Amino acid sequence: MWAGLPSRTELTTLRHLGSGEGNTSVNNVLRERHTASGDDAGGLERRDLPDAAAHAVHDTAEEIAATIESMPRSSARRFSTLTDPELIELVEAGCARLPHEVATAVRPPATACGAAVVSRIPVTDAELGPTPRDWRAAARRTPRSAAFRHELAMLLLARCAGQPFGWLGQQDGRLVNTIVPAPGHEDEQSGAGSTTLLAPHTEDAFHPARAHLLLLGCLRNPDRVATTISSVREVRLSPVADRRLRTRVLPILPDVSYGNDFHRQPCPPVATVGPAGTLRYDPAYTPLDDGDAEFRSAYTELGAELERVCRTAILRPGQLLLLDNDVVVHGRVPFTPRYDGTDRWLLRVNIALPQRNRDPAERSETGYGQRTVTPFAHTPRPTPPSYR
Ligand SMILES: O=C(O)CCC(=O)C(=O)O
Ligand SMILES: [Fe+2]
């Protein structure tokens, strides 16, 4: 058991100062390379949703929103997290009616890059209204709003891919998270940050129940801010580094979106590279200074490789980025927030693939007490996939 962990605030501060040995190369090199807003998405799989399929998603979301709106006011209010059982039933039924091209478009990325951009979800900027100032403001949307319809569309798409889930301790357990730059969080290592590079990370690397797939949907991105993507399948490690990164040396802590008090809890070390060559990586929330020299050197080598293979994707409104969270680490280049209602606005859904197993060694981890919200876990998937 690892002991003596600094607080997460200290860790994050270290990163920002660039003084953590293992962090520096990741942070600084990526910052230099990716401040320009060029799209470097060569090799990223591109998938177009056929028009009819894209409109079917849009129309189904609209129907569900209309059904909810027709309910008495008190019932409609229950749908804020999208976890209400009646809403889940509507999504299940809606998903079963969607053309099979939708499930095909959101199948797990199987290329070396481990990520796919799916295009052509209809988004009309004029009906979106102002970008919310933070996720709490976003949660106050009404069933009649375009934002609510887009959240439902994301949920339908995610359900076609697997089992969407949320985290009780993050954004109040909402199944569709809002990613917008939030005042006061500019330097934060989370989706609410902006002016600081969001370091490459496995989503929720600290937890054994982290997503297998991550779906990011773009509603607005006027300054062409790029998401970074690096795949472990394209990384080449020396045998020494590979061996070291497969041993359990350091813990990974929950990110700041879960709160700030986890250093008091037991922090079991985890393997950075799993037995199947998968990646579990979050340098901003790993106490790298406590690793031995050999581990730190291996971690630095991995960081340099992730930088070498890094691609950037500038999402346009109506585009989705589908990431294999076991294979790909993602981040975001720094940008200047506007805070005038026209800011970048993404939606995010965590997706579990029940047919995918992880390292059995992870089963004993407690995940710092963080619990998932899994309303789709006990219902059979409406359109069984033929492609896995
Ligand atoms: O803003 C982005 O492009 C990615 C943010 C991110 O890491 C996330 O939402 O999990
Ligand atoms: Fe992320």
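The values are calculated or read from the model by the stated rules, or taken from the named source; none is laboratory data. All values reported here derive from a predicted model rather than from experimental measurement. Note: ideal-geometry Cβ built from the backbone for every residue, glycine included; neighbour counts use all protein chains shown.
Things to note:
- Some residue of segment 296-314 being without any contact (Cβ under 8 Å) to a residue 12 or more places away in the chain and within 21 Å of Val118 (Cα to Cα): no
- Which listed residue, of Thr300, Thr374, is surrounded by fewer than 22 Cβ atoms within 10 Å (Cβ to Cβ), away from ligand 1 (no atom under 16 Å from the Cβ) and under 27 Å from Gly173 (Cα atoms): Thr374
- When residues in segment 188-236 are screened for being in a strand (DSSP E or B) and either closer than 28 Å to Gly367 by Cβ or under 12 Å from the mean Cα position of the chain (by Cα) (or both), 14 of them pass.
- Test: residue in segment 271-278 that is modelled with pLDDT of 95 or more and touching a Pro at 6+ places or on another chain (Cβ under 7 Å): no
- Leading residue by the ranking (nearest to Glu365 (Cα to Cα)) among those in segment 238-255 that are surrounded by fewer than 19 Cβ atoms within 10 Å (Cβ to Cβ) and not polar (S, T, N, Q): Arg248
- Restricting segment 326-371 to residues that are among the aromatic types (Phe, Trp, Tyr) and either away from ligand 1 (no atom under 13 Å from the Cβ) or within 16 Å of Ala271 (Cα to Cα) (or both), the residue that is surrounded by the fewest Cβ atoms within 10 Å (Cβ to Cβ): Tyr339
- Only one of the numbered conditions (1) in contact with a Gly (Cβ under 8 Å, 6 or more places away or on another chain); (2) modelled with pLDDT under 95 is violated by Glu86, and that is (1).
- Of the set (1) under 25 Å from Glu92 (Cβ atoms); (2) part of a strand (DSSP E or B); (3) of a type in the set (A, V, I, L, M); (4) in contact with a Pro (Cβ under 6 Å, 6 or more places away or on another chain), all apply to Leu175 but (2).
- Single residue of segment 172-213 satisfying the filter (more than 11 Å from ligand 1 (Cβ to nearest atom) and among the polar types (S, T, N, Q)) that is farthest from Tyr339 (Cα to Cα): Thr196
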